[in-house]
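What follows is a single structure, written as structure tokens, with notes after it.
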Amino acid sequence: MNVSDAAIRVENLAKKYRIGVSEAPAKGVQARVRRTLSSPFTHLRQMARPPTEAETLWALRDVSFDVKRGEVMGIIGRNGAGKSTLLKILSRITEPSCGRTVVQGRVGSLLEVGTGFHPELSGRENIYLNGAILGMRRAEIDRKFDEIVAFSGVERFLDTPVKRYSSGMYVRLAFAVAAHLETEILLIDEVLAVGDAEFQRKCLGKIGDVSREGRATLLVSHNLGSIARLCRRAVLLQAGRLACDGLAEIVLAEYLNSQSSSSAIAVMGHDDRPEAPVVITRCWIENAQGSVTNVVASTEPFVVVFDLLARQAVKDVEMSIRVHSSVGAPLFTSDLSAGSDFDGRVPVGQYQLRMTLPGEFLAPDSYTITVGVHRPNVFWLDLREHILTFTVEEMGSVMWQYPGAVKWLGNVLVRFPWQFTPAP
């Protein structure tokens, strides 16, 4: 990339912190104060010595990337991966331990509730304060003032000290200032999650407008649907290192795979049931790429799989899979005979059953799975209740613009045929 095309350039960036590790911690504050006063030079030597490996935390290490003008780039990763530290370095809130960043243009930041606002000043005064910090003239701020106020929706409280604002009001005004003042670069952390659903939709729409104006935007979010919809490119941070950089859909898929835990496969013991003619031995989930996982994308199909061991030939049986909500309520049950030509007979042997669920069927949430083999309305040959837990992650489904809406829209996203025509 040509240097002149890059709004942000990060080269071999690293940030380390010294964390408190004590081999023999003093019991209580008074004991620590007495120890420091009794041996001040020993205490100073301990503070001056280089930290050991156990006392060093690398929040970022060897991170390099460029962001072009007008590009909206998502930054994703688990908590503690270094996402917020990266934005704080780019905002000049903290300095890197090594490496460098080159930022070409004025930076508007929204990193946490209250960043850049003075609590004793009113909303009106903080708008002008933020503009002045960015190096803008009063005439420039005046030109954008009415637009900022209208977007934030806090007109009634504009002359009230912001220390009396709710967290939602704080965020609305802070985002309106960051997005509307004339900056070339916009840095946004997960703080947008504080706002209500309507305001989040406005923010996401504004971010799209900002990119079309040629302003570079870095967006940190755990809402993968927002990243999928807004960002063509994303980077994945893992333990402070850059694990993946590329098209958003590829990086998001890599992130979902990395989220899968060691409990992705449920293995059932069956040696203690030698008399059982049929037993279920394993259960797991495969994503659209065929990988075993317990984290799936809301927009992609996935497969529930379980293995079956038939020690004796049986007939007139049914295999079932039931999916439960995060609070244990049964959502639906699928039977093998309802989706195939299965006749209820199972000869001796080992078998594998696979049920495919379509994309945009389950809302983003956590679910559990129950699998069983039974003679309908008679008895269970084997029943494994809530044996596997999996999570559906929002990746841009019809639910992405309604954060938290699973509580009132339900878990299943059913698309019914609708018609909208003038009245006859």
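Per-structure values
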read-out: Any hit, the range 339-348, residues being at pLDDT 90 or above, at negative phi and surrounded by 20 or more Cβ atoms within 10 Å (Cβ to Cβ); value: yes
read-out: Cross-chain or 6+ apart pairs with Cβ under 8 Å, the range 406-420 first and under 15 Å from Leu362 (Cβ atoms) and modelled with pLDDT of 70 or more, then among the polar types (S, T, N, Q) and surrounded by 10 or more Cβ atoms within 10 Å (Cβ to Cβ); value: Asn411/Ser325; Leu413/Ser397
read-out: Residue within the range 84-92 that is surrounded by fewer than 16 Cβ atoms within 10 Å (Cβ to Cβ), modelled with pLDDT of 85 or more and assigned by TED's automatic domain parsing to the domain that holds His222 present; value: yes
read-out: The one condition in (1) more than 26 Å from Met136 (Cβ to Cβ); (2) without any contact (Cβ under 8 Å) to a residue 24 or more places away in the chain that Ala239 fails to fulfil; value: (2)
read-out: Conditions (1) in a strand (DSSP E or B); (2) in contact (Cβ under 8 Å) with a residue 60 or more places away in the chain: number failed by Ala276; value: (1)
read-out: Qualifying residue in the range 373-393 (condition: modelled with pLDDT of 90 or more, among the aromatic types (Phe, Trp, Tyr), in the same structural domain as Val267 (by TED's automatic domain parsing) and under 25 Å from the mean Cα position of the chain (by Cα)); value: yes
read-out: Residue within the range 294-301 that is among the hydroxyl-bearing types (Ser, Thr, Tyr), closer than 30 Å to Leu381 by Cβ, in the same structural domain as Leu388 (by TED's automatic domain parsing) and surrounded by 18 or more Cβ atoms within 10 Å (Cβ to Cβ) present; value: no
read-out: Criterion: touching a strand residue (DSSP E or B) at 6+ places or on another chain (Cβ under 8 Å) and within 26 Å of Ser291 (Cβ to Cβ) - qualifying residue of Val392, Val348; value: Val392
read-out: Index of the failed condition, Val295 passing every other in (1) in contact (Cβ under 8 Å) with a residue 60 or more places away in the chain; (2) closer than 29 Å to Arg375 by Cβ; (3) in contact with a Leu (Cβ under 8 Å, 6 or more places away or on another chain); value: (2)
read-out: Residues that are in a helix (DSSP H, G or I), more than 17 Å from the chain's Cα centre (by Cα) and over 29 Å from Thr389 (Cα atoms), drawn from the range 207-265; value: Ile207, Gly208, Asp209, Val210, Ser211, Arg212
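Table: residues versus (1) assigned to a helix (DSSP H, G or I); (2) touching a strand residue (DSSP E or B) at 6+ places or on another chain (Cβ under 7 Å); (3) under 21 Å from Ile207 (Cβ atoms).
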| position | (1), (2), (3) |
| --- | --- |
| Asp142 | yes, no, no |
| Glu147 | yes, no, yes |
| Ala150 | yes, no, yes |
| Asp159 | no, yes, no |
| Met169 | yes, no, yes |
| Ala174 | yes, yes, yes |
| Ala179 | yes, yes, yes |
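The values are calculated or read from the model by the stated rules, or taken from the named source; none is laboratory data. Source: prediction; values computed, not measured. In this analysis, Cβ positions are derived from the backbone assuming ideal geometry, glycine residues included, and neighbour counts consider all displayed protein chains.
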